[in-house]
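The values are calculated or read from the model by the stated rules, or taken from the named source; none is laboratory data. Treat the numbers as computed from the prediction; the structure is a model and nothing was measured. So basically every Cβ, Gly included, is an ideal-geometry build from the backbone, and we count neighbours across all protein chains shown. Calculation scope for accessible area: heavy atoms of the full protein, side chains included, ligands and nucleic acids excluded. Shrake-Rupley method; radii C 1.70, N 1.55, O 1.52, S 1.80 Å.
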Amino acid sequence: MTTLKFEPWNDPQEKPLIHFQNITKRFGSFVAIDNLTIDIYEREFYALLGPSGCGKTTLMRMLAGFETPTEGTILLAGQDIVSVPPNKRATNMMFQSYALFPHLSIWENIAFGLKRQAMAKADINDRVEEMLRLTRLEQFARRKPHQISGGQRQRVALARSLAKAPKLLLLDEPMGALDKKLRQETQFELMDIQEKTGTTFMIVTHDQEEAMTVASRVAVMDHGQIIQVATPDRIYETPNSVYVADFIGDVNIIQGTTTANGKDSYSIAWADAQAPLTANSNQPFSDGQKCHLAIRPEKVAITADRPGEVANAVQGKILDIAYLGNISTYHVELPTGVVIKAQAANTRRISRRSYTWEDTVWLSWTATAGVLLAN
Amino acid sequence: MRRFLLIAPPYAWLLLLFLTPFAIVVKISLSDIALAIPPYVPKFSWDEGIWAYLNQLDFENFIFLTQDNLYWKAYLSSFKIAAISTALTLLVGYPIAYGMTRVPSEWRPTLMMLVILPFWTSFLIRVYAWMGILSNEGYLNQLLLWTGIIDTPLTILNTNTAVYIGIVYTYLPFMILPIYSALERLDDSLIEAAEDLGCSRLTAFWLVTIPLSKTGIIAGCFLVFIPALGEFVIPSLLGGSNSLMIGKVLWEEFFSNRDWPVASAVAVILLLLLVIPIVLFQRNQQNQQEADQ
Ligand SMILES: Nc1ncnc2c1ncn2[C@@H]1O[C@H](COP(=O)(O)OP(=O)(O)O)[C@@H](O)[C@H]1O
Ligand SMILES: [Mg+2]
């Protein structure tokens with residue numbers, strides 16, 4: 001495979017399509033967006049991830065033009081758009097509630113934006129047909145929104161917002177109303193459409209799995225601030241804080257203090273009467289500094305006997321087993337009271353499982369399995 | 001059986017309070033005027049039997065209505081006045097209803113209250129109050145003279161203008177309430193979606209808000225038009241002799257001329273004319289209910 005990696009954010013030559021410069025948005029005295037700076041590049045699929053109320057919708061509404069930032073500038077293709085009204089912006093938004101016009105047919109809904117610009121009737125026809133084909137809605141063109149299913153409505157909303165070929169498409173929790181299976185199908189459909197049309201997508205979601213699936217980069221937000229922006233695998237493998245590690249997927253956090261013991265290697269004192277742990281990190285830590293070791297459950301091995309040559313091994317008792325079908329998560333209580341989660345694939349039938357409740361087991365992981373975090 | 005019990009009361013109500021009086025009015029309209037109590041013949045008597053009685057009824061009065069210009073002119077003029085006042089009520093009522101949905105929601109019950117408040121006083125007293133406002137020496141003229149906008153009093157009372165003012169004032173709540181309820185259900189994100197797709201505020205209003213409040217507008221218009229068409233108190237108190245409305249003609253036939261048969265014929269025709277807008281109104285309500293589901 002010699003496909004060029006899509007990483008415009010690593011290319012200093014590349015100019016961002018969207019540039020948020022020190023944006024602050026206050027509602028009264030409440031700070032919804034707090035001095036936020038981000039860049040979004042052309043053809044990106046940029047996901048905003050964060051808990052409810054952290055300001056995702058507000059950020060998106062500022063891009064669409066429905067909210068004005070209290071401070072800061074927003075550049076779209078190099079131009080300040082803060083004072084441009086929504087109807088003059090080269091962005092389109094797919095609303096959380098879809099906001100389909102109930103009095104218009106699917107066809108007219110999709111044509112709505114096109115009719116607002118000076119476009120020949122034949123061209124509008126062609127464009128609407130194209131959008132219907134893209135979203136596989138041809139048979140439903142004459143129906144009204146209330147005569148189609150939730151998944152179809154979602155596709156109409158997408159087709160309508162894509163019809164004007166915006167530079168940036170904003171999707172606010174587009175799959176919130178869909179059930180899990182339909183969600184997954186739609187995620188791939190979205191990625192497919194994004195690739196086909198080459199539009200830059202910005203998607204808001206509070207579903208981390210969804211963000212990981214679709215996004216080229218994920219921005220994790222909290223309290224109006226961006227905590228980390230990185231590719232999904234970087235976010236998962238090298239979170240920059242306990243907050244991000246905890247927010248994305250399942251994680252074990254062990255608190256301790258560091259002592260350097262070689263190049264990029266640290267020993268972590270974490271409990272009295274327990275051997276220190278070892279972890280690698282290219283972030284510098286000073287001796288005696290407080291730290292958090294974050295380890296994903298699937299990187300923790302579970303064995304009946306003490307494993308041989310391994311950097312970290314601790315003994316504990318199985319407290320709980322969560323059976324998830326293909327895998328099981330074992331909750332193991334260490335003598336210190338700390339509970340560590342370890343995941344193992346269920347390669348055997350459940351009746352022949354090697355460990356059960358109250359069994360004493362060994363947990364082990366390598367020095368590179370965890371991430372050492374300062375906060 | 002339960003179904004029957006459930007629908008029986010409204011039908012009994014309808015039969016008792018609408019169809020029976022209507023049948024009596026139809027019967028009188030087919031009779032002849034007479035100096036008697038009640039002032040019409042024939043009277044039903046058991047001796048002569050039902051056939052002899054029915055044979056004496058005829059359509060004379062209805063034919064009379066077509067012969068005297070007064071009646072069709074009154075119908076036409078009522079229609080015109082009702083139509084114009086309905087349009088004016090819509091022009092005044094829509095912005096009020098729209099404004100009510102734009103204020104913070106904790107204000108809405110208060111505003112709603114203010115809209116309904118006039119109903120707490122007698123309708124007649126309120127119309128009399130308008131006489132005091134609109135007459136040549138009335139408050140309106142005094143105010144305009146005092147501010148120097150005019151130097152001779154305007155003649156408003158006893159003109160059609162006063163009738164329009166009276167109808168708009170009286171029926172405004174009937175226009176506001178259905179429009180308000182339609183606008184209140186309107187999702188704000190639809191307007192934002194329209195703007196996002198390239199509409200200015202005004203086009204978004206025209207292309208989204210108006211069509212989506214259509215059922216409210218239609219309901220409001222019928223609720224004003226139907227009673228305004230047969231309105232009697234407002235034209236007789238505010239319109240004086242200058243305004244010709246069928247409700248007033250009806251009243252005069254009954255009480256001044258004591259010609260009950262002709263008055264009844266006028267009423268029957270008015271009712272038949274009203275059936276059309278009432279049926280249309282029902283259709284509109286039904287469509288809305290279907291759309292809501
Ligand atoms: N128009 C507004 N007035 C006051 N507060 C608002 C307004 N819009 C949003 N907020 C507040 O800003 C915060 C962020 O909201 P939002 O961007 O919708 O969050 P998210 O989409 O991440 O769930 C919330 O606490 C919300 O209450
Ligand atoms: Mg939101």
Got at least one residue in the stretch B:195-218 being acidic (Asp, Glu) and within 14 Å of another protein chain (Cβ to nearest Cβ)?
yes
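Does the stretch B:257-275 contain at least one residue that is under 16 Å from B:Ile165 (Cα atoms) and either free of Cβ contacts under 8 Å to residues at least 12 places away in the same chain or open to solvent by 10 Å² or more (accessible area, probe 1.4 Å) (or both)?
Within the stretch B:257-275, the first condition is being under 16 Å from B:Ile165 (Cα atoms), and the residues that meet it are none.
Scanning the stretch B:257-275, I find no residue that is under 16 Å from B:Ile165 (Cα atoms) and either free of Cβ contacts under 8 Å to residues at least 12 places away in the same chain or open to solvent by 10 Å² or more (accessible area, probe 1.4 Å) (or both), so the answer is no.
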Considering each of A:Ala47, A:Ala77 in turn, give the residue that is over 27 Å from B:Trp206 (Cβ atoms) and more than 16 Å from ligand 2 (Cβ to nearest atom).
A:Ala77
Please work out which residue is surrounded by the fewest Cβ atoms within 10 Å (Cβ to Cβ), limiting yourself to the stretch B:140-198 and to residues that are touching a residue at least 40 places away in the same chain (Cβ under 8 Å), touching a helix residue (DSSP H, G or I) at 6+ places or on another chain (Cβ under 6 Å) and of a type in the set (Val, Ile, Thr).
B:Thr159
In the set B:Phe205, B:Phe222, B:Phe174, the lone residue that is closer than 22 Å to B:Thr86 by Cα and over 24 Å from the mean Cα position of the chain (by Cα) is B:Phe205
Please tell me if A:Val156 is within 15 Å of ligand 1 (Cβ to nearest atom), of a type in the set (A, V, I, L, M) and in the same structural domain as A:Pro145 (by TED's automatic domain parsing).
no
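Filter the stretch B:199-254 down to residues that are polar (S, T, N, Q) and assigned to a helix (DSSP H, G or I), then give me how many there are.
6
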Filter pass, A:Ala219 being surrounded by 21 or more Cβ atoms within 10 Å (Cβ to Cβ), in contact (Cβ under 8 Å) with a residue 40 or more places away in the chain, assigned by TED's automatic domain parsing to the domain that holds A:Met60 and within 16 Å of ligand 2 (Cβ to nearest atom)
yes
For the stretch B:162-182, enumerate the residues that are away from chain A (no Cβ under 14 Å) and under 19 Å from A:His103 (Cα atoms).
B:Pro178, B:Ile179, B:Tyr180, B:Ser181
In the stretch A:108-138, anything part of a helix (DSSP H, G or I) and more than 34 Å from the chain's Cα centre (by Cα) is listed as A:Lys115, A:Lys121, A:Ala122, A:Asp123, A:Ile124, A:Asn125, A:Asp126
Name the pairs whose Cβ atoms lie under 9 Å apart, with the first residue in the stretch A:167-192 and within 13 Å of chain B (Cβ to nearest Cβ), the second within 16 Å of ligand 1 (Cβ to nearest atom) and acidic (Asp, Glu), and 6 or more positions between them or separate chains?
A:Glu173/A:Asp207
Taking the stretch A:75-97 as the search range and keeping residues that are within 16 Å of ligand 1 (Cβ to nearest atom) and buried (at least 20 other Cβ atoms within 10 Å of the Cβ), which one is farthest from the other protein chains (Cβ to nearest Cβ)?
A:Met94
For B:Leu229, all conditions in the list (1) open to solvent by less than 40 Å² (accessible area, probe 1.4 Å); (2) within 14 Å of another protein chain (Cβ to nearest Cβ) hold save one; what is the number of the exception?
(2)
Identify the single condition in (1) at pLDDT 95 or above; (2) in a helix (DSSP H, G or I) that A:Arg155 does not satisfy, given that it satisfies every other one.
(1)
If I ask for residues that are without any contact (Cβ under 8 Å) to a residue 40 or more places away in the chain and either surrounded by 18 or more Cβ atoms within 10 Å (Cβ to Cβ) or under 22 Å from B:Leu90 (Cβ atoms) (or both), which ones from the stretch B:232-247 would you list?
B:Ser236
